[in-house]
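One structure is given here, and the rest of the page talks about it.
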Amino acid sequence: MQPGLIKTRKACIVTLLAVASAIISTPIIGSGSRQQCRASGVVRDASGLPASRAEVLATDLRRGVSEPILTSFDVTYHLLLAPGHYRIEVKRSGFARVVIEDLPLVVGERVAKDFTLAVAARRDEVTVEGNPPPLSAGAIVSSSAILSEEFETLPINQRD
């Protein structure tokens, strides 16, 4: 083998190892993997039945970073988060949203929070957009005639 080719291969291997190390050490949300917290729980409807495919949204209140996940088919959710204060919102179509406004998490903490979703109130909303066509003064046409008997029965203040 040529000496230049060996150096190129070694450089490629070192670069690949550096990239792999950076990818592996990247946390799911937040800072270093040793400084994370876990939040998990179960999402059910008001009757206690599983509410699968519910969306759980964790928002870091300090940084404004959100992480949405869907519950698994066994209705559990699992979040790996950096320490901080979080707003946790759970929602699913047909159900009212449930929100925890400020959930503090500290390093290494494991928090179990179960959610029960109530059936949402029915809400109908109709939005009408658009404008009617403009009227033209020349397009106004009388479309009916009044018989003399109908004319005589019209309420008029003075009649001779």
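A short reminder: the numbers here are calculations on the coordinates, not readings from a lab. What you see is a predicted model; the values in this text were computed from it and never measured. Neighbour counts are summed over all protein chains in view; Cβ atoms, including those assigned to glycine, are modelled from backbone coordinates with ideal geometry.
Here's the yes/no breakdown for (1) in contact (Cβ under 8 Å) with a residue 40 or more places away in the chain; (2) more than 18 Å from ARG44 (Cα to Cα):
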{"residue": "ILE69", "(1), (2)": "no, no"}
{"residue": "GLY84", "(1), (2)": "yes, yes"}
{"residue": "VAL90", "(1), (2)": "yes, no"}
{"residue": "GLY94", "(1), (2)": "no, no"}
{"residue": "GLU101", "(1), (2)": "no, yes"}
{"residue": "GLY108", "(1), (2)": "yes, yes"}
{"residue": "VAL111", "(1), (2)": "yes, no"}
Yes/no for PRO134 being out of contact with any Lys or Arg (no Cβ under 8 Å at 6 or more places or on another chain) and in a loop (DSSP other than H, G, I, E, B): yes
